[in-house]
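Colleague: Quick one: structure below, then a few questions.
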Amino acid sequence: MAQKTRELVKDIADELIRLLNKAYADELIAYFYYKTAALLVKGIHANTIADQLEEIAQEELEHSEELAERIIQLGGEPLDDWDAITKNANYPKIDIPEDRSDYVGILKAVHVAEQGAIGVYDDLMKFLQSSQTKDPVTTHLIRHIMGEEMHHEEEIETLLGL
C-alpha cells in the first residue's frame, strides 16, 4: 500500500479492512444468489424478473470488485476462500424460494437482502464519520455503493408494486 495512504488511515486501517471484507463477502454472496435466481426463475414474468436480477447481480459483482480494490489499497487482502466469505458475511444466505415460479417470493427475498446491504453501508458510514481519522476515498466509495443499493431497493419495490 502507498505509504501516505496507510499513514492517513493508520488508526482505523485494521478495523476498516475487516468491515470492508464483510461487505465484500456480502456482495459476492448477493451476486451468487441473484445470478442463480435469474437463471432459474420460471413463470409468466420470468423474463422481466430475470433481466432485473441479472442487472443487479452484475452491479453486486462490480461492488465486490470496488471493495476488493479498496481493501488492497489499504494494505489488506480480500477474503479468498468461500468458507471464509460465508463465515465473515453479514448476510451469508439469501432465502430464495424453492418454487422457481414464485417470483414474488424471489423478489421479497432480494428486497430483504437489499435492505440489509443498505444497513451495512450505513453502519460503515457511521464508523467512518465517528473516527478522528478521515478517509475520503473509502467514504466516497461507500456512498457510491450505498446509493446503488438504494436504487436496487427501489427497483425491486417497483416490481413488487410497493
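Nothing in this text is a laboratory measurement; each read-out follows from the coordinates by a stated rule. Just so you know, these numbers come straight off a predicted model, no measurement behind them. FYI the Cβ positions are ideal-geometry reconstructions off the backbone, even for glycines, and counts take in every protein chain you see.
Colleague: Could you pull out the residue among 85, 94 that is buried (at least 18 other Cβ atoms within 10 Å of the Cβ), part of a helix (DSSP H, G or I) and not charged (D, E, K, R)?
Modeller: That would be 85, the only listed residue that is buried (at least 18 other Cβ atoms within 10 Å of the Cβ), part of a helix (DSSP H, G or I) and not charged (D, E, K, R).
Colleague: Scan segment 97-121 residue by residue and report those that are β-branched (Val, Ile, Thr) and buried (at least 20 other Cβ atoms within 10 Å of the Cβ).
Modeller: Across segment 97-121, the qualifying residues are 106, 110, 120.
Colleague: Yes or no: residue 149 of a type in the set (D, E, K, R) and either under 21 Å from residue 25 (Cβ atoms) or touching a Cys at 6+ places or on another chain (Cβ under 7 Å) (or both)?
Modeller: So residue 149 fits the description; yes.
Colleague: Now, a different point. So the check is Cβ under 8 Å with 6+ separation or different chains; which pairs have a first residue in segment 113-128 that's among the acidic types (Asp, Glu) and a second one that's part of a helix (DSSP H, G or I) and buried (at least 16 other Cβ atoms within 10 Å of the Cβ)?
Modeller: Close Cβ pairs satisfying both conditions: 114/149; 114/152; 114/153; 114/156; 122/146; 123/19.
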